[in-house]
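What follows is calculated from the coordinates using simple rules that are stated; it is not laboratory data. Keep in mind the model is a prediction, meaning the values are calculated, not measured. Here the Cβ is made from the backbone with ideal geometry for all residues, glycine too, and neighbour counts use every protein chain on show.
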Amino acid sequence: MVEMIKVSRNYGTDIKALTDISLTIDTGEMFFLIGRSGAGKTTLLKLICNMETPSNGLIEVAGYNINNLKGKKLAHLRQKIGVAYQDFKLLNNRTVAENIAIAMEVSYKKPLAIRQTVRDLLLQLQLTDKHNTITEELSRGEQQRVALARAVANSPRLILVDEPTGNLDANTTERVMNLLSRRNKAGATIVIATHDPSIYQKGNHRVMELRDGTIHSLTRSKAS
């Protein structure tokens, strides 16, 4: 699903966010990125979804060189990628339901199907009572769950999640991971950047640690 070959990302001449990253993420895999703040995790996710372009190297997603895609082809690929950003990027003057529905609306899903999907996601994430709440009125933990619901709503083939549990308690973290696990079992490739070891130590997943923009280790977690 994702192929990166000798990818680097520089900001100006002084800041090297990523250096010579070569990585393959298989279709249907749940893959974890770990590392301290500033290690390059968020930058790597932004490169995968074409929010940023590499300074050097090749990135392919679903067989496409994403940096060469333009117009309708790029828009079509982006519809297959769901992203839950660390800073949420919600429409703060819209309701929870409207934020989640957006990804499905631009794909011309039927209104009845959209409403049902929104209800199901709110139920899974314990947000049913927030259906008509304006998102700026939510707590950060609630906003985080809305951002995740929006990312998965359109059943994308690739889901990128940046620190999905940073504002959540243990019970809500479990709900979030159960939702992602169900999407993974349904065939979605999921890439999660996290500081929280509890969410990747419970399964058999590949875990890549970044340090100062380079790959420090690539191991496999083992369920206890």
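Cα centroid separation, region 1-46 to region 106-128: 32 Å. Partners of Lys70 within straight-line reach, counting aspartates and glutamates whose Cα lies under 20 Å from its Cα and excluding those fewer than 8 residues away in the same chain: Glu3, Glu52, Glu60. Packing here is the average count of other Cβ atoms within 10 Å per residue, and on that basis the peptides 144-152, 41-49, highest first, run 144-152, 41-49.
For the chain, relative contact order (Cα pairs under 8 Å, six or more residues apart, normalised by length) works out to 28 percent. How would the chain be classified by its alpha-carbon gyration tensor: rounded, prolate or oblate, with rounded meaning a/c under 1.5 and the a/b versus b/c comparison settling the rest? Prolate shape, in that a/c is at least 1.5 and a/b is the bigger ratio. Computed 3J(HN,Hα) for region 4-10, one whole-Hz value per residue from the Karplus formula 6.51 cos²θ - 1.76 cosθ + 1.60 where θ = phi - 60°, is 10, 10, 6, 8, 10, 9, 10, glycine and proline marked x. With θ taken as phi - 60° and the Karplus curve 6.51 cos²θ - 1.76 cosθ + 1.60 applied, the whole-hertz 3J(HN,Hα) list for region 74-85 is 5, 4, 5, 5, 5, 5, 8, 10, x, 10, 10, 6 Hz, x standing for glycine and proline.
Once the piece of chain linking Leu69 and Ala170 is laid out straight, how much longer is it, given 0.36 nm per residue of separation minus the C-alpha distance between them? Extra length from Leu69 to Ala170 when fully extended: 32.3 nm. Figure legend: label point modelled 7 angstrom from the Cα of Tyr108 along Cα→Cβ; residues of region 59-74 with amide N under 17 Å from it are 72-74. Taking amide H as placed 1.01 Å from N in the peptide plane, the amide H of Val83 sits under 5 Å from that of Leu160, each at least 5 places away or on another chain.
Take the cross-link list Lys6/Lys46; Lys16/Lys46; Lys89/Lys109 and give me the ones stretching past 18 Å between alpha-carbons. Over 18 Å apart, Cα to Cα: Lys89/Lys109. Relative to its residue count, region 105-219 spans a Cα convex hull of 133 Å³ per residue.
For region 2-220, a simple Cβ point-charge model (Lys and Arg +1, Asp and Glu -1, everything else neutral) yields a dipole of about 680 debye relative to the Cα centre. Couplings for region 137-152, taken from phi via the Karplus curve 6.51 cos²θ - 1.76 cosθ + 1.60 with θ = phi - 60°, read 8, 7, 6, 5, x, 5, 4, 4, 5, 5, 4, 5, 4, 5, 5, 9 Hz in order; Gly and Pro are left as x.
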